[in-house]
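Asks: Quick one: the structure is below, questions incoming.
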Amino acid sequence: MKIAFIATGGTIDKVYFDAKSAFEVGQSVIEHVLRQGQVNFEYVLVPLLRKDSLELTDDDRSMIRRAVEATECNHVVITHGTDTMVETAANLAGIVGKTIVLTGSLSPARFQSSDADFNIGLAIGAVQSRAPGVYIAMNGRIFDPARVRKNRERNRFESISSVTE
C-alpha cells in the first residue's frame, strides 16, 4: 500500500518568526514526521499549498480535490488547517475508490507540546483501516466530516451529536 500525503498548510506547518512576532506557514513537516516515525510503507509527498485554512478559496479546494483525484494512490492523507478542515472534507465527498483522511494540529508541529505527530499517526492508521470515503482524524478520534465541528472554545474537534448532550 502506498499513501499519498498532500500538504496544504495550516497550523501544523506554521513557523514562528521572532523578528515579526508572527506565525507564517512554512515548509511541510510531514517528511520529517515520517522519518522520525521510521515508517515502513511507501509514500509520496505532494506539497500543494502553504496557506492558513482561513485563507483557502473555492479554487484552492478545487485544486485539492483535483490533486486527490490525480494521485495513483487509493490512500490519501491531507494535512490541513483546522479552522476550515470540515469544509474541505465536504468538498472531497463523492470521490470513488479512495480513502481520504484530513488531519492537522492545534499548535505548530515544531512546538514540543504539539499534537501534530499524534494526529499524523492517527491519520495513517485511519487511512489504512477505513473503507473508502472521507474522514477527519483529530483529538484521538476518527470523525465523519458531516457530523463534526471544531469547538474553538474548547480547542478540539467533537461530534455534532455530542455537542447537545
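Asks: Any residue that is surrounded by fewer than 24 Cβ atoms within 10 Å (Cβ to Cβ), in contact with a strand residue (DSSP E or B) (Cβ under 7 Å, 6 or more places away or on another chain), free of Cβ contacts under 8 Å to residues at least 40 places away in the same chain and farther than 14 Å from residue 2 by Cβ - is there at least one of those in region 64-76?
Replies: Taking every residue of region 64-76 in turn, none turns out to be surrounded by fewer than 24 Cβ atoms within 10 Å (Cβ to Cβ), in contact with a strand residue (DSSP E or B) (Cβ under 7 Å, 6 or more places away or on another chain), free of Cβ contacts under 8 Å to residues at least 40 places away in the same chain and farther than 14 Å from residue 2 by Cβ.
Asks: Tally the residues that are of a type outside the set (Gly, Ala, Ser) and assigned to a loop (DSSP other than H, G, I, E, B), restricting the search to region 136-150. It would help to see each step written out before you state the result.
Replies: First, the residues of region 136-150 that are of a type outside the set (Gly, Ala, Ser): 136, 138-139, 141-145, 147-150.
Subset that is assigned to a loop (DSSP other than H, G, I, E, B): 139, 144.
Adding up the residues that qualify gives 2.
Asks: Look at residue 157 and say whether it is over 19 Å from residue 36 (Cα atoms), surrounded by 21 or more Cβ atoms within 10 Å (Cβ to Cβ) and at pLDDT below 95. Write out each step before concluding.
Replies: Values: over 19 Å from residue 36 (Cα atoms): yes; surrounded by 21 or more Cβ atoms within 10 Å (Cβ to Cβ): yes; at pLDDT below 95: yes.
So residue 157 fits the description; yes.
Asks: Still on this structure, please answer the following. Just to confirm my filter: which strands (runs of 3 or more DSSP E) fall fully inside region 19-110 and include at least 2 residues that are within 26 Å of residue 156 (Cα to Cα), modelled with pLDDT of 95 or more and not charged (D, E, K, R)? Don't jump to the end; show me each part of the working.
Replies: Numbers: elements: 22-25, 42-51, 75-79, 99-103.
Here the list reads 75-79, 99-103.
The values are calculated or read from the model by the stated rules, or taken from the named source; none is laboratory data. None of the values given here were measured: they were computed from a predicted structure. A quick note on method: Cβ atoms are made from the backbone with ideal geometry, for glycine too, and the neighbour counts reach across all protein chains shown.
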